[in-house]
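Please read the structure below before turning to the comments.
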Amino acid sequence: MNKKINNDEIVTIASYSDPAAAHLALSVLNDAGIDAFLSGEEANSLIPPALGARLQVRAADQASATALLNDVPGQAALTGDGNDL
C-alpha cells in the first residue's frame with residue numbers, strides 16, 4: 001500500500017550533537033528558501049551530552065532539503081531515521 005505524504009507533516013531529516021553544525025545546516029536550508037527549524041536545541045544547552053538538535057522540514061521539502069545538505073561538505077544529511085547521536 002502506498003503511503004500518501006501529507007505536505008504539512010513535519011519530518012526530521014538530520015540530528016546533530018554539535019549545535020554549530022545544526023545551525024549551519026539550518027542556514028543552508030533557509031538561504032535556499034526551505035522553511036526549516038531545529039527541535040530540541042534548547043534542551044541540549046541544559047544537558048549537552050544527552051540530547052541533540054533535530055533538523056526538521058515539511059514532508060514536501062524533505063527530498064530537496066536532503067539533496068541540498070548532501071551537497072555541502074561535512075554536512076551530509078542523514079537518511080532513514082535522521083539520527084547521528
Mind checking whether some residue in region 50-57 is assigned to a loop (DSSP other than H, G, I, E, B), surrounded by fewer than 11 Cβ atoms within 10 Å (Cβ to Cβ), modelled with pLDDT of 90 or more and not acidic (Asp, Glu)? no
Tell me which of these ILE13 doesn't satisfy, since it passes every other one: (1) surrounded by fewer than 13 Cβ atoms within 10 Å (Cβ to Cβ); (2) at pLDDT 80 or above. (1)
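The values are calculated or read from the model by the stated rules, or taken from the named source; none is laboratory data. Just so it is clear, the model here is predicted, and its values are computed rather than measured. Please note: Cβ atoms are built from the backbone with ideal geometry, for glycine as well, and neighbour counts cover all protein chains shown.
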